[in-house]
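Here the structure comes first, spelled out in structure tokens, and everything after it is commentary.
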Amino acid sequence: RDRYWGAEWCPPCAQIKVTIFSRPEFQERSRLFVPVYLDGDLPSAQKLGEQFGVIGYPTMILFRPDGTEITRLPGGVDVERYTSILDIALADAQPVSEVLAAAAAQPEALDDNDWRLLAYYSWSTDNGRVLPDDQRVATFRALANGCPTRLRPDCARLFFEYLGAAAAAEAENTEAALTAAEKSAAAETLLDLTDEPAVLSANVQNLLYGAEPVVGVLSAADSVRRAELVAGWRGALDALQTNSDELELSAAERLNLIRARAVLARLESPQGELPAALLDEARSTVAAIDAQTTGSYERQTAINAAASLYWAAGLDAEAETMLRAELEKSKSPYYFMLSLAEFAPVSYTHLRAHETASF
């Protein structure tokens, strides 16, 4: 059985519907299990959500017939990877909790599919079910180091989890999560990974959303290391853009790619103005996608991504104008009210859905 928690007002949920659920590859495999959709706004779904530790939407959990949780499926990956992980989970039916325990005890005994289950588990929606928060940094470090080099693109996902966990731990505590030596080693590994196309294609969401926490935890402002990491990350984004058609990046992902560039520019020069060329690219890309995107779910995610891009670029007034215009023509105007509520004055009601990215 596969249970999917979502909500009509959730932008990442609409993205999943566009990129995964609408594809024939997924629909073919859905005959192999019983898909159950739970509207997170309903009391019954909220009760089950509490039972299974659901903290954000979308959350997709695959169960055995006896109710044992096998895995939490990832969002933000291409349909080929998604269906591959679904195939592995359906064929093996070994809970990720057991795979993780085996990795801690005897990592050399894991096969490639075991490592892939760990790499593509939705750690962002785990909520301590498999891995307690205080063990995430050490566990992900060990997994990233133990994962076989033949699976380097997949292993890189565990490395990004390690960096994200370190950034989160450092943000919550006054003590550094990593030693100076660990930060230096991680920075060198990251710079190597950003040069590998296969790694980039397996880590699109990590690259779109992870720049600020990762670069922040691995380098000091205005340092040589900060400049190196920003340049390496920017090169990775350039490679993603060059291969956007081959990677089948969605409209929202193409917008978030430019947003990530804006974030990098802020990291490189916190007090400086964004380059005029970057602002022009943001405006022209938003205009093109606004004109081209007509499907309901795709448009919902694209317009919200466009607003996020504008806010990251400091174009707040343009973001509000675009969202207000969308309210007049959308069949689901409340969907965009949430984005207005996030950044507009306090007269708006504040409400936000959790994102699916690792960061």
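For the stretch 153-290, with all protein chains in place and a probe radius of 1.4 Å, 50% of the accessible heavy-atom surface sits on carbon or sulfur. When peptides 170-180, 149-159, 258-268 are ranked by their average number of other Cβ atoms within 10 Å per residue, the highest-first order is 258-268, 149-159, 170-180. Near W123: Cβ cut-off under 10 Å, other residues only, Lys/Arg at +1 and Asp/Glu at -1. The net charge is +1. D192 contributes about 90 Å² of solvent-accessible surface, heavy atoms of the protein only, 1.4 Å probe.
Positive contributions from Lys and Arg (+1) and negative ones from Asp and Glu (-1), summed over other residues with Cβ under 11 Å from the Cβ of A176, come out at -2.
Before I look further, what does the stretch 163-243 give for accessible area per residue, probe 1.4 Å, in whole square angstrom?
Ligands and nucleic acids excluded, the result is 43 Å² per residue.
Within the full protein context, the accessible area of V204 is estimated at about 10 Å² for a probe radius of 1.4 Å. Excluding same-chain neighbours fewer than eight residues apart, the lysines reachable from K329 by a Cα-Cα span under 30 Å are K17.
The values are calculated or read from the model by the stated rules, or taken from the named source; none is laboratory data. No experiment lies behind these values; they were computed from the predicted model shown. Positions of Cβ are generated from backbone atoms using ideal geometry, with glycine treated the same way; all protein chains shown enter the neighbour counts. Note: accessible area is taken over every heavy atom of the protein model, side chains too, but ligands, DNA and RNA are not part of it. Shrake-Rupley method; radii C 1.70, N 1.55, O 1.52, S 1.80 Å.
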